[in-house]
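A quick write-up on the structure given underneath.
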Amino acid sequence: MTETATDTAIDVTRQLADFSVAPPALPDDVAHAGRRTIANTLGLAVGACDEPATRVALGAARWFEPPEQAGVLGRTERLNVEWTALVNGLAAHLEDFDDTHLATVIHPGAAVVPAALAVAEWLDADGQRLLEATVVGVEVALRVGLGLSSSHFDRGWHISGTCGHVGAAAAAGLLLGLTAEQQASALSLAAAQASGLLAALGTVTKPLHLGKAAANGVEAALLVAHGFTAPERGIEGRRGLARLASRDPDFTTMVAGLGQHWETCANAFKPYACGIVAHPAIDAAIELGRQVDPDALDVIVARVNPVVLDVMGVRDPTDGLQSKFSVYHAVAVGLHDGTAGPAQFTDAQATDPRIRALRERVRVNLDAGIRRDEARLSARDGAGTAHEIHVPHATGSADRPLTDAQLRDKVTSLAAPVLGEARALALWDCALSLSAAVPVRDLVAAARPHD
Amino acid sequence: MGQTSDVGHRRQATPQPARDTTARLCAALCESAAAPLAAPVRRAAERSLLNVLGTAIGASREPAVETVLAKAAAHGGRPVAPIPGRPERADLTHAALATGIAAHLDDFDDTHLATVIHPGAATLGASLGLAHQRHARGRELLTAFALGCEAQLRVGVAMSPSHYDAGWHITGTCGVVGAAVAAGLLLELGPEQLATAIGIAASSTLGIREAFGTMTKSFHPGKAASNGIQAAVLTARGFSAPTNILDHPRGLYHVLAEDYDPEAAVAGFGSHWELLANTFKPYPCGIVTHPAIDAAVALAGRPDYPGAEAIEDVVIRCHPLVVELTGNPDPEDGLQARFATIHGVAAGLLRGTVGLPEYDDAFVRDAATVGLRSRCRFEVDAALARAAAEVELHLAGGQRLREFVEHARGSLERPLSDAELEAKVRGLVDPILPGRTGALVAAVDALADADTVNELVDAATPEGAVL
């Protein structure tokens, strides 16, 4: 890597600290993006609250007998702030169904929101503080991620885990009222332990990265609040995170226009519970399924960008986790079920005879002329009628973000099995109306079963 | 991913997942844990344990430790785990954090010279509280400690020197592996589970050299200990992780080292022990300063030594690297003084011994110290070995006294004797737990045959500590 005077002249850690302890008033669109990020994360964590990995982590936490300081989402248990952040962060990323910042592939919500939520609940903060903490945490995570550039991810770092640490610390530090100098220490202490290896893909250790990021960020801010010291330049220093974990860090991008340009607004929400590259084809499949009985279709041909088979090429998945990496399965459930939520990627669904029969008839034609957020689906029904669906921009892409109504449906469908329809809707309403008038404890209560 | 184009020169041109050294390492670790340690390994483990207990006790009242325990009091779980040198307890992960930080805080702990890993700190943090809480036998703690050290040293060897050279703090990054092994063995994990625990732990590896000079440096082995316990407990309860994290194409070696040799972690396991190459510093300062300090201490102990006031000039002959790394002639505080050969020499001549008190800010700034330092100068000699030094005193009457040191005390060639190690530990323990050194040494020596670890814990914590 090259080292230039310009690089070291930018005090990235300190600038991110200055920004994140005293952010400017949030513009309306930024605040709205923040509320949507919170709602999406809450829905996912509630929805995954009884998954085996969540229960194992909860059992491990209780073995240490932590004090009850914050509530686990979707459940009745209360743990200390760090364990609560860990369990909620793990759950929020478990289905790989959370938010995605497309330029960096960071899922910021699962690290930042659980960290902010646990600390805000413990402090009895109001909803405006939670919103500010979430936005600065997401912004810091995304800025650092943009600056680490693609060489970071390509090397094998799980960028959501690494950058999530720094974002979670920023959010916790704001809530704890750290000074800018302390906040720089908190960011550096988080940067010193920014971790997550892509070897963990396909195991529950991948979502654990997000839980650890949330918990470690909280711990870093708490330790600094108690007097711990850390380097001034943990991010940009000569032996700091960026130079160790990236070949070509871009420090300008990390700080340029902070507080004026908001990456938070580019945080997108997945409509479907599988790899994002299959989403345009799923959109097309759902539309086709509305027009015609899928069982009447002969061969279904999907024309997609070549990246699709790089990550979604499993031809005949044998369990739920594998099915999340099968475009064939994803198109089949879109056709058959008209949706593609977590319920479409279970072990039962992956081995369902009707779904298997349908996905055997799915063909994939790779076409470099098709954009990543685009797909064409063509099929012929029993009567010989040809059907053709073109999706120019997938739902949830930058050009066609999820509407509030779509995101509401996603969040409530995740939360309803745990909370019931009415309370799931109330949780959405509470998150979307977060303000100084709403205590964070009310939001947490809305995301948990009644005692 | 483009793993040939972007990662420089590898000893292994392409990763070979079938090699799976993680599984082989874990099988070897579990096999070793089932049998008694061979006598030299046991002795090396006992000496490493005694040394790191000494440094942990010595720094147990420092602000970094107080900070962690204040935070533990506010957020920690049930306080079951002892912390060397402290009357109070903390939950297992906070106790591990505090212990690992204290053990490394003064940079006075053990050093495996080939990797620059300080293996004791993270391993002690991960194993002492857990062994106590699990009512483990003494032998189980000693074995877990030995194998926790061995595992991280071997993983470190596999990544050396490119990993540390790049800027990672190897004591943290590899410490987390050793901590997971020590904790996993105490939780009686089998080979596959141990690989899972390493998988979780390695995915939460930490340590950047940017942190040198701040509390965060010693946070690395402390947090490594905490992460290791957490990984082992998650595994014991059924969590899953990649079981081939070490040489996975996106695993620890590939992501954190430009150049690595996976076989080094497993080759000759059981017959060759990196733990036997663990060394103990006699002086709490940068290791390249040690030969000259040795010479100064030797001069001060000679019958014809007239006292520091009779010294007109001090000439320190050493390899140029010593000056490059520790050439500061006039350090301003204790931290700077640790990396100043001239200060160490002056301290040895003034006090005849060089321990923690000789790195107090007050002593570093004392007029007599400053005065003698100003009379010291270097003469570099590239023909001298890095481990060697000569100190020559020019006395008032024109007389000259000279001492040459070929290998510093505490080096691999001239390890601290048991008596020297005990003297070092006494210097660390006495200010915190007066008169307790003998009991601590006895408890470590008896550990392999002890039914519990209680005697060791009693010796390492103040009387009246809540059991």
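The values are calculated or read from the model by the stated rules, or taken from the named source; none is laboratory data. All values reported here derive from a predicted model rather than from experimental measurement. In this analysis, Cβ positions are derived from the backbone assuming ideal geometry, glycine residues included, and neighbour counts consider all displayed protein chains. Accessible surface is based on the protein model in full, side chains and every heavy atom, while ligands, DNA and RNA are left aside. Shrake-Rupley method; radii C 1.70, N 1.55, O 1.52, S 1.80 Å.
Only one of B:L412, B:L421 is touching a residue at least 24 places away in the same chain (Cβ under 8 Å), of a type in the set (A, V, I, L, M) and out of contact with any Gly (no Cβ under 9 Å at 6 or more places or on another chain). Can you tell me which?
On the way: B:L421 fails: out of contact with any Gly (no Cβ under 9 Å at 6 or more places or on another chain).
So the residue among B:L412, B:L421 that is touching a residue at least 24 places away in the same chain (Cβ under 8 Å), of a type in the set (A, V, I, L, M) and out of contact with any Gly (no Cβ under 9 Å at 6 or more places or on another chain) is B:L412.
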When region A:212-243 is checked residue by residue, the ones that are of a type in the set (A, V, I, L, M, F, W, C) and either more than 7 Å from every other protein chain (Cβ to nearest Cβ) or assigned to a loop (DSSP other than H, G, I, E, B) (or both) are A:A213, A:A214, A:A215, A:V218, A:A220, A:A221, A:V224, A:A225, A:F228, A:A230, A:I235, A:A242
Of the numbered conditions (1) under 20 Å from B:E358 (Cα atoms); (2) in contact (Cβ under 8 Å) with a residue 24 or more places away in the chain, B:T243 fails exactly one; give the number of that condition. (1)
Scan region B:120-138 residue by residue and report those that are assigned to a helix (DSSP H, G or I) and of a type outside the set (G, A, S). B:T123, B:L124, B:L128, B:L130, B:H132, B:Q133
Go through (1) in contact with a strand residue (DSSP E or B) (Cβ under 9 Å, 6 or more places away or on another chain); (2) part of a helix (DSSP H, G or I); (3) open to solvent by less than 10 Å² (accessible area, probe 1.4 Å) one by one and return the number of the condition B:I83 breaks. (2)
Which residue, of B:G172, B:G167, is open to solvent by less than 10 Å² (accessible area, probe 1.4 Å), in contact with a strand residue (DSSP E or B) (Cβ under 8 Å, 6 or more places away or on another chain) and within 12 Å of chain A (Cβ to nearest Cβ)? B:G167
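Can we say B:T115 is under 27 Å from B:V288 (Cα atoms) and not in a helix (DSSP H, G or I)?
yes
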Do we have any residue at all in region B:235-250 that's in a helix (DSSP H, G or I), modelled with pLDDT of 95 or more and at the interface with chain A (Cβ under 7 Å from one of its Cβ atoms)? no
State whether the residues of region B:254-264 include one that is part of a helix (DSSP H, G or I), in contact with a His (Cβ under 8 Å, 6 or more places away or on another chain), more than 8 Å from every other protein chain (Cβ to nearest Cβ) and of a type in the set (A, V, I, L, M, F, W, C). yes
Consider region A:374-407. How many of its residues are touching an Asp or Glu at 6+ places or on another chain (Cβ under 9 Å), open to solvent by 70 Å² or more (accessible area, probe 1.4 Å) and modelled with pLDDT of 95 or more? 2
Note: among B:E150, B:E192, just one is touching a helix residue (DSSP H, G or I) at 6+ places or on another chain (Cβ under 9 Å), within 14 Å of another protein chain (Cβ to nearest Cβ) and acidic (D, E), namely B:E192
When restricted to A:T252, A:T264, the only residue outside any loop (DSSP other than H, G, I, E, B) and surrounded by fewer than 23 Cβ atoms within 10 Å (Cβ to Cβ) is A:T252
Restricting attention to region B:205-219, report how many residues are facing chain A (nearest Cβ under 7 Å) and open to solvent by 10 Å² or more (accessible area, probe 1.4 Å). 4
Candidate set from region A:408-442 (those that are among the basic types (K, R) and over 18 Å from the mean Cα position of the chain (by Cα)); member that is surrounded by the fewest Cβ atoms within 10 Å (Cβ to Cβ): A:R441
Failed criterion for B:V155 (all others in (1) open to solvent by less than 10 Å² (accessible area, probe 1.4 Å); (2) part of a loop (DSSP other than H, G, I, E, B) hold): (2)
Please pick out the residue among B:G178, B:G222, B:G228 that is touching a Pro at 6+ places or on another chain (Cβ under 7 Å), modelled with pLDDT of 95 or more and more than 9 Å from chain A (Cβ to nearest Cβ). B:G178
Do we find a residue being touching a residue at least 24 places away in the same chain (Cβ under 8 Å) and either charged (D, E, K, R) or away from chain B (no Cβ under 14 Å) (or both) anywhere in region A:198-206? yes
Quick one: A:S246 ticks every box in (1) more than 7 Å from every other protein chain (Cβ to nearest Cβ); (2) open to solvent by 10 Å² or more (accessible area, probe 1.4 Å) bar one, so which box is it? (2)
Considering B:T55, B:T99, B:T93, which residue is at the interface with chain A (Cβ under 9 Å from one of its Cβ atoms), touching a residue at least 24 places away in the same chain (Cβ under 8 Å), closer than 16 Å to B:T123 by Cβ and outside any loop (DSSP other than H, G, I, E, B)? B:T93
Might you let me know whether region A:339-362 holds any residue that is among the aliphatic types (A, V, I, L, M) and assigned to a strand (DSSP E or B)? yes
Residue among A:W157, A:W122 that is of a type in the set (F, W, Y), in contact (Cβ under 8 Å) with a residue 12 or more places away in the chain and more than 30 Å from A:L321 (Cβ to Cβ): A:W122
What's the total number of residues in region A:179-196 that are open to solvent by 10 Å² or more (accessible area, probe 1.4 Å), assigned to a loop (DSSP other than H, G, I, E, B) and within 14 Å of another protein chain (Cβ to nearest Cβ)? 0
Take the conditions within 19 Å of B:G172 (Cβ to Cβ) and either crowded, with 24+ Cβ neighbours inside 10 Å or more than 8 Å from chain B (Cβ to nearest Cβ) (or both) and apply them to A:L175. Does it pass? no
Verdict on B:T123 being closer than 20 Å to B:L206 by Cα and touching a residue at least 24 places away in the same chain (Cβ under 8 Å): yes
Residue list for region A:197-213, restricted to those being open to solvent by 10 Å² or more (accessible area, probe 1.4 Å) and of a type in the set (S, T, Y): A:T203
Restricting attention to region A:320-338, which residues are open to solvent by 10 Å² or more (accessible area, probe 1.4 Å) and either assigned to a helix (DSSP H, G or I) or at positive phi (or both)? A:L321, A:Q322, A:Y328, A:H336, A:D337, A:G338
Only unsatisfied item for B:K424, checking (1) assigned to a loop (DSSP other than H, G, I, E, B); (2) within 24 Å of the chain's Cα centre (by Cα), is (1)
